[in-house]
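J.: Okay, here's the structure, questions in a sec.
The values are calculated or read from the model by the stated rules, or taken from the named source; none is laboratory data. Because the structure is a prediction, the values reported are computed rather than measured. Positions of Cβ are generated from backbone atoms using ideal geometry, with glycine treated the same way; all protein chains shown enter the neighbour counts. Just so you know, the surface numbers come from the protein's heavy atoms only, side chains and all, with ligands and any DNA or RNA stripped out. Shrake-Rupley method; radii C 1.70, N 1.55, O 1.52, S 1.80 Å.
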Amino acid sequence: MTEALTIRSLTTTAELEDVRALESRVWGEEEATPVHQTLTAVKNGGLVLGAFLDEKLIGFQYSFPGFDGNCVYLCSHILAVDPAYRSMGIGAKLKHAQRQESKKKGYSYISWTYDPLESANGYLNIGKLGAVCSTYIENCYGDMNDPLNADLPSDRFVVEWASLEDTKRAQPLYTPDQIMDASLTQWTLTDKGFPSVTDIDERWLDHDIVSVAIPSAFQQMKEVSPSLALDWRMRTRRVFQTCFAKGFQVTDFIKYPESSAPVHFYILTKKEVQK
C-alpha cells in the first residue's frame, strides 16, 4: 500500500487546516497547532510535509527554524500518523523527506525531542534514522494532559540528525547477550508481566559502551500500573543524566531478543571513542 504513498510540502490554508484536524485526532487535543502558526512558519523557512494515500492526508511533519548560537538548524516539532495507518513505515518516510528538504534549505542539522521511554520512537529516531542524543530535559513541556503524556513528567531526549551528510553507524562492539548484561538498568518481571527496575548497575560507567534497558510497552504499563511507569521515569532520568555528564551519547537502539520482549535497549558510547 505504501507504494502509492506521496509526500509533498503543504503551504495553503486549506491544506494546513487538514493538518490541524489530523493533529487533533492523533493527539486527542482540542487545541491543536493553529493554522496561522504553521502558515507563518512555512513562509519563513519552516516546513510542513503531508503524507497522502489516494489524496487522503494520513500523516504530517511540522518543523521551523532554530538557532543554537552558531548555526541555523531545522527544529522538528510534530510528527503524526493516522492510527489506522501505523506500523507501515510512514513516519520514517516523512523523516527522510524532511531531511531532503532540509538539505535544499541549507540547514546543518535537524533537531527534535521525544519521550525516551517510548520504545517505538526510540527505534525510529535512533535505531533506524541514526540520530544521536546527549541532552536530557526534565519535564520539558510541563504538565501535559493529552492521553500519551498525562500524569507523568514530560521528560525528553533532544536528538540531532545531520542534514548535510549520511549518518555513519559504528559497528556493534557487543553481542546481544553482552548488551543485556551491560545494562545499567537491571530489571525483573512483575506478576502483571511488566519489567520493574531492581538495580542501577553503575559499574559499567567505567566502560566505553553501556546499554540502558527501557520498557517495550510503556503506554500499556502506564495504564495498568502508573506507579511503575513513574518509577521507570525517575530511575532512567538519573541514569541518562549521569551518562551524559560522563561524556556518553546515545547512538543506537536495539530490540532484543525480539520485538515482543518486555524491554528494549539504548546503546550509549563515549564521544571520544566514536568513529
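J.: Checking the conditions here, which among ASP143, ASP151 is out of contact with any helix residue (DSSP H, G or I) (no Cβ under 9 Å at 6 or more places or on another chain), of a type in the set (D, E, K, R), modelled with pLDDT under 95 and assigned to a loop (DSSP other than H, G, I, E, B)?
T.: Details: ASP151 fails: out of contact with any helix residue (DSSP H, G or I) (no Cβ under 9 Å at 6 or more places or on another chain).
Only one candidate passes the filter, namely ASP143.
J.: Which residue is farthest from GLU160 (Cα to Cα), if the candidates are limited to segment 231-275 and must be touching a strand residue (DSSP E or B) at 6+ places or on another chain (Cβ under 7 Å) and aliphatic (A, V, I, L, M)?
T.: VAL263
J.: Among the residues of segment 218-275, write down those that are open to solvent by less than 30 Å² (accessible area, probe 1.4 Å), aliphatic (A, V, I, L, M) and over 19 Å from THR113 (Cα atoms).
T.: Across segment 218-275, the qualifying residues are MET221, LEU228, ALA229, ALA261, VAL263.
J.: Hey, among GLU29, GLU15, which residue is modelled with pLDDT of 95 or more, open to solvent by less than 70 Å² (accessible area, probe 1.4 Å) and of a type outside the set (Gly, Ala, Ser)?
T.: GLU15
J.: Starting from segment 14-40, keep only residues that are at positive phi, then list their pairs with residues that are open to solvent by less than 30 Å² (accessible area, probe 1.4 Å) whose Cβ atoms are within a distance under 6 Å, requiring at least 6 positions of separation or different chains.
T.: Short answer, once both residue conditions are applied: GLY28/ASP146.
J.: Next question, about the same structure. Restricting to segment 46-69, count the residues that are aromatic (Phe, Trp, Tyr) and open to solvent by 10 Å² or more (accessible area, probe 1.4 Å).
T.: 3
J.: Counting only residues that are at pLDDT 95 or above, closer than 20 Å to LYS271 by Cβ and not hydroxyl-bearing (Ser, Thr, Tyr), give me the strands (runs of 3 or more DSSP E) lying completely in segment 154-224 with at least 3 of them.
T.: It comes to 156-162.
J.: Working only within segment 96-122, note down all residues that are under 14 Å from the mean Cα position of the chain (by Cα), of a type outside the set (S, T, N, Q) and at pLDDT 95 or above.
T.: First pass over segment 96-122, keeping only residues under 14 Å from the mean Cα position of the chain (by Cα): 110-122.
So of that shortlist, the ones also of a type outside the set (S, T, N, Q) come out as 110, 112, 114-118, 120, 122.
Matches in segment 96-122: ILE110, TRP112, TYR114, ASP115, PRO116, LEU117, GLU118, GLY122.
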